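Visitor: One structure coming up, written as structure tokens, with questions to follow.
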């Protein structure tokens, strides 16, 4: 729940900043930095379950200011100065948007088109959230919680999550995939985008969260609510994502089988095993509506979860689908402790938006039809 | 036992001889052998409730004792009531299986006004039952939906994932304090009472139902569930329902939970949101399907 999250994250960050003498360490321990504060004397010991496996349980967030793909000319690592600039800019924009409105301000020249930002280079989250909400924005800043920190792995800030291919970019689609996606899109082109509920996005229909939150791959949505709970037993790992209360049940074991190809599941079917202290999970049988970058039917995602400190899980994944991507690709990020409650995200039950989006378009059409009729006697 | 006996006596006095047989038989059927330490799986000394579970009863159709009937939505007919127009095409598939009820004492102790609302709900089932719209089932309805659910129990956590609508409950093992918001599934806090896992849930709003027969509650609802393993593959489940907004006293439902024992038993997926889009949004299509 964003209201509580935003508030509580602020409180936690403030409290941590007060406790630690180094502001950097304070922020790291509090939020998305995720590295163990090295100045604390006690060495970190891997927490373990009763059966001796690394304990991944708890509530986690993968919110971050680092995108999946870095810019075409960027290298894997950002300088610490650049990372801090992005973080400062993010804070500055949030404070700017949180500032009280002037009640005496004049109406905007053109409805909703004015959404001023402080001067300076926008972060990539500002750019994508502008695209999502239009000039007026879909949400007040109060509801947004895209992340406050740049991803740092081994203390070094990252420009992007993709580590293979070495250029940090998701490989190109195969010609087959481009053709397939074109064929799939063609029948839809005869419709207007608000003609039918099936033409709206999965999140708008409350079928999944924004982006690829539960995935796999499990990625931040750069918007809000990137919160997870993990519960672990000797033969299952359950991962629940707060947004749309979706659950992945990962079966653990050596002789487990995937269902027949005809069984297609949201978030796929996941089988996991322990390789030393790393949980390795392979997922196939994805639901046809849940395409990840155009991949679904032949998509296989391999995830590796490794606890790497008191406040984080290192998460690495490889995406394979020779019918979609010209090469397999791998990325890594962190899940950081999220010391808050997870709330019920009853999306569908409160989904007035989908009916209103479609109904609004019908009302507009009706009004336009009446307007064209009127001049006639 | 004392209260069961008392309820049976009340039923005997209050109803005819046939009903008496009916009601006295029910608590006896509901009784299970007490759990023994020897035959139940354990985790850190406590019963190990991990697994995929499901009820086998007609509680989701109607918590109270009921005969089989032609449909959930009915309308007056020339001789006897007949299925409502909207459900005629379902034929026998849309009919209601009978059941002896799961309510201790046989009848839910509604206030007269609340009983009237229950009957109105039932008469307007198609428009009002949240299940029809694929809304979250609430508690305890999630338990006896005709779908399995999976318990995840560890040293530090207890969670239940339900197949129906992907409903989920985290059972807090440490009380986080009063619920901050009212929700469909409430806020649950669990504790061990000997070998019984007891879950207190509150923080509900008033929108969920208890079954397809219009049984309802207010935001004052408080549910106390007791999960007691009676064998490797059985849990005796009790839910005590308190809601001064609609009930004259607390009341209890009891039923066994059965482990899904088949090889490879697993939680399925029933994300029904997609399935109700035509019902909820079909009217807003550019060209509604006739």
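Taken together, the values in this text are just the output of simple stated rules run on the coordinates, not laboratory data. Here the structure is a predicted model, which is why all the values come from computation and not from measurement. Ideal geometry is used to build each Cβ from the backbone, glycine not excepted, and the neighbour counts take in all protein chains shown.
Visitor: How much space per residue, in cubic angstrom, does the convex hull of the C-alpha atoms of chain B take up?
Guide: With only Cα atoms used, chain B gives 170 Å³ per residue.
Visitor: Mind sorting B:276, A:231, A:170 by how few other Cβ atoms lie within 10 Å of their own Cβ, fewest first?
Guide: Least to most surrounded, the residues fall as B:276, A:170, A:231.
Visitor: Follow-up. Post the alpha-carbon centroid distance, the range A:287-318 to the range A:173-190, in whole angstrom.
Guide: The range A:287-318 and the range A:173-190 have Cα centres spaced 25 Å from each other.
Visitor: Pop a pseudo-label 7 angstrom from the Cα along the beta-carbon direction at both residue A:291 and residue B:115 and give the gap in nm to one decimal.
Guide: So the label points at residue A:291 and residue B:115 sit 5.8 nm apart.
Visitor: At a Förster distance of 60 Å, what's the computed FRET efficiency of residue A:304 paired with residue B:90, Cβ-Cβ distance as r, to 0.05?
Guide: For R0 = 60 Å, the calculated efficiency reads 0.80.
Visitor: In nm, to one decimal, how far is the modelled label at residue A:77 from the one at residue B:206, with both set 7 Å along Cα→Cβ?
Guide: 6.1
Visitor: Continuing with the same structure: In the range A:187-224, whose amide N lies under 12 Å from the spot 7 Å out along Cα-to-Cβ of residue B:289? List them in ranges.
Guide: Only A:197-198 pass the distance filter.
Visitor: Average projected area of the Cα convex hull of the range A:213-338, in nm²?
Guide: 8.1
Visitor: Sticking with this one: How compact is the range A:143-236 by the rule of thumb for globular proteins, expressed as Cα Rg over 2.2 N^0.38 Å?
Guide: Dividing the Cα radius of gyration by 2.2 N^0.38 Å gives 1.46.
Visitor: So, one more: Does the range A:323-377 classify as rounded, prolate or oblate by the C-alpha gyration tensor (a ≥ b ≥ c root eigenvalues; a/c under 1.5 gives rounded; else a/b over b/c gives prolate, otherwise oblate)?
Guide: oblate
Visitor: Write down the radius of gyration of the range B:188-290 and its Dmax, each obtained from C-alpha positions, in Å.
Guide: Reported Rg and Dmax, both Å: 19.0, 61.
Visitor: Follow-up. Compute the separation of the alpha-carbon centres of the range A:323-377 and the range A:242-264 and state it in Å as a whole number.
Guide: Using only Cα atoms, the two centres lie 27 Å from each other.
Visitor: Here's a follow-up. How high is the FRET efficiency between residue B:192 and residue A:46 when r is their beta carbon distance and R₀ equals 22 Å, given to the nearest 0.05?
Guide: About 0.20, to the nearest 0.05.
Visitor: Could I have the simple spin-label model distance between residue A:91 and residue A:372, label points 7 Å from Cα toward Cβ, reported in nm to one decimal?
Guide: About 5.5 nm separates the two model spin labels.
Visitor: What fraction, in whole percent, of alpha-carbon pairs in the range A:211-263 exceed 12 Å separation?
Guide: Roughly 69 percent, once rounded to a whole number.
Visitor: Using alpha carbon centroids, what distance separates the range B:190-268 and the range B:46-74, in Å?
Guide: 12
Visitor: Per residue, how much space in cubic angstrom lies within the convex hull of the C-alpha atoms of the range B:113-219?
Guide: Convex hull of Cα atoms, per residue: 119 Å³.
Visitor: If you consider only alpha-carbon coordinates, what radius of gyration and Dmax does the range A:190-229 have, in Å?
Guide: Radius of gyration, then largest Cα-Cα span, for the range A:190-229: 12.5, 42 Å.
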